[in-house]
Every structure is written in structure tokens, then in C-alpha cells.
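Student: Mind looking over this structure? Questions follow.
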Amino acid sequence: MTIYDGKAVFEGVAIGKLSVYKKQEQSVKRVKTDDAEAEKKRYEEARNTAIEQLKGLYEKAVKEVGESGAEIFEAHQLMVDDEDFIESVENIIETESVNAEYAVAQTGDNFYKMFSEMEEEYFRGRAADIKDITERLINALSGAGAGGIQSEEPVIVVADDLAPSETVQMDKDKILSFVTVHGSANSHTSILAKTMSIPALIGCPVPLDDSVDGKLAVVDGYEGRLYVEPDDEVLAAKKKLLLEEEEKKNLLERLKGKENVTLDGQKINLYANIGNTKDLGLVLKNDAGGIGLFRSEFIYLGSDDYPTEEEQFAIYKQVAQTLAGKKVIIRTLDIGADKQADYFDLPKEENPAMGMRAIRICLTRPEVFKTQLRAILRASAFGKISIMFPMIISVDEVKKIKAIVEDIKKELDADGFAYDKNIELGIMIETPAAVMVADELAEEVDFFSVGTNDLTQYTLAIDRQNQSLDEFYDSHHPAIMRMLAMIADAAHRHGAWAGICGELGADLSLTKEFLAMGYDELSVSPGRILPIRKTVLETNVAEYKAGRK
């Protein structure tokens, strides 16, 4: 028996044979050509092929892991169509009279180095994406496959690292667990593993050769360990643990339909985060009390032009009707940073995470904002809809938003459209600035919803997808915990309710703490609803508070 220690990114136990993931080997040769135009045409065809592949991966990811897990493939489509990348490839083909494969590989190397050496953490994190699209383009040019798992039975996949596209292309039914030598706990692949509820380890120094390939192994996502050829004692213990996990899953199923009330009578709403109407089935299947975050930007990212009022209205109406009176909180357009739509023609920025994004775009492009708000308000006549505005940093922004909403209500009255005249308006708390003026903000809105992903990044000044900073990234940092308590207190002082819709809301180790802070709602991926309900039902908040003093 050989034991390898790694870092667990999702708890659970997997028992099965190891399969070393073999990437498609790419050997790019520099070949002289007399027909640069023909090579550029080959490159254009490869780009079209890559984009079609990425569209297919997006659709597959949406079905398997939901809209948020599929975001990366839309980002990759935009990168394949990046003008600077295209110009570089075509320039190398023309000036050096070389084949398209070599030009793509050279450009990919240059861009990878450029991004890797940038000071901004956001751009350093995009280097891996450059590598992924470069390999995809070369494969499209050469007609090579994408590599994969060669097995008829479910296996534990071991690899140096896995690109998001490689993860999604795998047959989910054939995967028991992911184990990688490298990778980040906050990488796209780790997030996909969590969403797919598959045990996963990163930073595990397992050899990627025949010494492990095909061997029986155990992944323990609780310990963060990989056991290769486990002895009888370990195997028996892990089989018992696996059986207990299955029993827990069956128990969770029996929690469906139960109210989210603690032992001492404190209630909390458990809602779901979604980004597409295709996720509605998961919301109902997992017994969510409503939708705490509908990511409306995916309507824009999936379109070639600004979606019309009628197109948006039809989607929002469908969601409201499907939820049949349960609350649906629609977040207004939140693009910018790593979510780009070409037709917005946003300027390139040195630090897009702190640039023109979310509510800043809406307030500077009121015609786009008003179209969306009209659609949402009209849909509110068909269900219980609330509106949430992202990336707020000041009271002035909220007052401007409310004035626009009132103008639109008058327009709808004049046009004879029905809508909820008392529709709830809320804001996302994602910046330290919003935390510090939370009392003033709470006087203006009906609710707060904390976006812990961005709040943590901005507070710690750490890009959570930058794996070189994993040792410094602490989502449980005392500053974050104090901010979360401050936010809930400020909301309640002024009659607003407070929720959490960021990834931290699904952290079971913090559920009791959020109850103690007095949070009214947690909105998480649909598959996390029942595990959180179990913790809520087993908690006595008063006893927990007394015990932590």
C-alpha cells in the first residue's frame, strides 16, 4: 500500500481503479509554406471548429453542472475570437511563411508568457485558459482527438492537471473521483468537481505512469489522501465509510418537504442559485424554497446582440410561473471582468475586476438597463419576483436605480402593463465599501444578499483563482466573518432582511455561524440545499451562541 497526501476540494470517498489521464500529445513542426492565404484559411476554419466544440461543451456543462459551471466555455469562445490573438497568428503566417499550427503554437506561447508575467492576479489566472484554447486550435488544425479515459468501468482519474474542457468532455458516469498533481482549490475544475459532487484531491504527488495506472485505489476526501493498493484493513474501513455516505444520501432524501427550522425555532430560507431556465428542474428536485440568485447575464452572454424586452420577459415569466409563487430573485446584468459580450464593445482594461462591470455598465447605459427592468417588472405579474442589483458601493447609486425603477413603473402604467407595484428591491454586498455604509444602504432597500466570492477577493486583495496564492487565501478570515456579522446587523436594524448567495453560503462548517449571525436566507447550488437543511434541523442556535463565547 502506498499513501499520497493531497488537498481535498470536495469531501467524499471513492473506491475503484486508477486511470492516468493521457493528454493528446501535440508535436508541432515548423513547416515552410508558399501559400500564406491558404494557411490563414485553415486557421479560420480551425477557429470555427473550436468555437463549435466550445458551444457543445457549454451545452453539456449546463446540463451536467449548471450555468455557473459552464461559464468558462463562453469565456473560451471569446478568447478564440480575440482580435489580438488572431492578428498575431496571421502575422506570423505571413511574415515567416509558416504553417498555421506553428503560428498558433508560437502565439499561444507568447500570450501564455505575457499573461503569466503580469502583475495583476486576474490576468495571471488567464494564462491556463490561453494554454487550453491553443491546444484546442492545434488539435482542430491537425484533426487530432482530445485524449481521454480508456475504460469501460467507472474509474478514479489521475492527471497532472485538468482543463475545464477536459473535465466536461469526460463521461460523468465513468468518473468516481479526480486526483491531480497540480491545480488550485479555486480553479474552474475544482468548482466543477464540487458542483458534480465528485470527491477530488489536488496537489497530490502521485506518479502518472504504469506504476499506478489500473491499480485499485481509495480517495478519501475527508483526509485528503489517496491510497494505492490499500491493505485489507484500510479497504474495509473505507468501504464502511462509503456505505455510511450512501445512507446519509438516503437520509437527505427524507428531508424533502420539511421546514427549515432549528431546534429552538429559528427559521431560515434555503434558496437556489441558477443561471438558466434549464436549471429549474434541479431547483424543484432539491426542494429549494425559491431562487435566491438568477444570473440574468447569461441571457446576454448567450446572445449575439442585446436581448429584447420581449425575449427577456418570456424567460423571466417562465421562471416565475415554474416556481409557482415561490420567491425568484433576479440579479440584473452583471457582465464585465471575465464575463464579456462582444456587442457591448467594452474597452480593454488593465484591471477589469475593478473596472466597468455590473451596475456601472447599467447606469452608464440606461437604455440597456431600462429594457431589462421593464421585462422583469412585467414578469412580476406572474409570480413572486424580487430585483437585486450587483456591485453597489454607494447610496447615490441606489437612489439613481430607484428613480429609474419609478420612471419605468410610470411607463408601464401608461402602457397598461400589470406588475407587482410593491416589488422588493435589494442589493448585493460585494465590496468593503458597501459593508462600511451598510446602515445607510439598508434604509434604501428591502434586502441585502452577500456575494462572498467577490467580497473575499476585494477584502483580501487576492484573486481566488490564482493557485500560487492558495496558502494566503482564507475564506474564513476573521475580517470576512466580522463583515458578515456587520452586514446582517445593519440590515436588521433598518427592517431589511439579509441573505448570502456566494459560495461561502454552501460551506456546512459555517451554517451554524450564519444562523447565529441571524441570516434570514442562504442561496446555494441546488445540490447543497438538503445537506444544509439537515444542519439547520439539528442546530440549537441559543446553545451554539452560548458555547462559542
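Student: Evaluate region 492-499: report whether one residue or more is basic (Lys, Arg), touching a residue at least 40 places away in the same chain (Cβ under 8 Å), out of contact with any His (no Cβ under 9 Å at 6 or more places or on another chain) and in a helix (DSSP H, G or I).
Tutor: yes
Student: If I ask for residues that are open to solvent by 30 Å² or more (accessible area, probe 1.4 Å) and either under 23 Å from ILE429 (Cα atoms) or in contact with a Phe, Trp or Tyr (Cβ under 9 Å, 6 or more places away or on another chain) (or both), which ones from region 292-314 would you list?
Tutor: ARG295, GLY302, SER303, ASP304, ASP305, TYR306
Student: Would region 415-424 turn up any residue that is touching a Cys at 6+ places or on another chain (Cβ under 7 Å), touching a residue at least 24 places away in the same chain (Cβ under 8 Å) and open to solvent by less than 40 Å² (accessible area, probe 1.4 Å)?
Tutor: no
Student: For region 480-511, which positions are surrounded by fewer than 19 Cβ atoms within 10 Å (Cβ to Cβ) and among the small types (Gly, Ala, Ser)?
Tutor: ALA485, GLY495, SER509 - these are the residues of region 480-511 that are surrounded by fewer than 19 Cβ atoms within 10 Å (Cβ to Cβ) and among the small types (Gly, Ala, Ser).
Student: LEU515: under 14 Å from ASN453 (Cα atoms) and either touching a Ser or Thr at 6+ places or on another chain (Cβ under 7 Å) or in a loop (DSSP other than H, G, I, E, B) (or both), yes or no?
Tutor: So LEU515 fails the test.
Student: Could you look through region 66-109, keep only residues that are among the hydrophobic types (A, V, I, L, M, F, W, C) and within 21 Å of the chain's Cα centre (by Cα), and pick out the one that is farthest from ALA272 (Cα to Cα)?
Tutor: Result: VAL80.
Student: Taking the residues in region 7-53 that are among the aromatic types (Phe, Trp, Tyr) and under 28 Å from the mean Cα position of the chain (by Cα) as candidates, determine which candidate is surrounded by the most Cβ atoms within 10 Å (Cβ to Cβ).
Tutor: By that ranking, first place goes to TYR21.
The values are calculated or read from the model by the stated rules, or taken from the named source; none is laboratory data. Every value quoted in this text rests on a predicted model; they were computed, and no experiment measured them. Quick reminder, even Gly has a Cβ in these numbers, built from the backbone with ideal geometry, and neighbours come from all protein chains shown. Heavy atoms of the whole protein, side chains included, go into the accessibility calculation; ligands, DNA and RNA do not. Shrake-Rupley method; radii C 1.70, N 1.55, O 1.52, S 1.80 Å.
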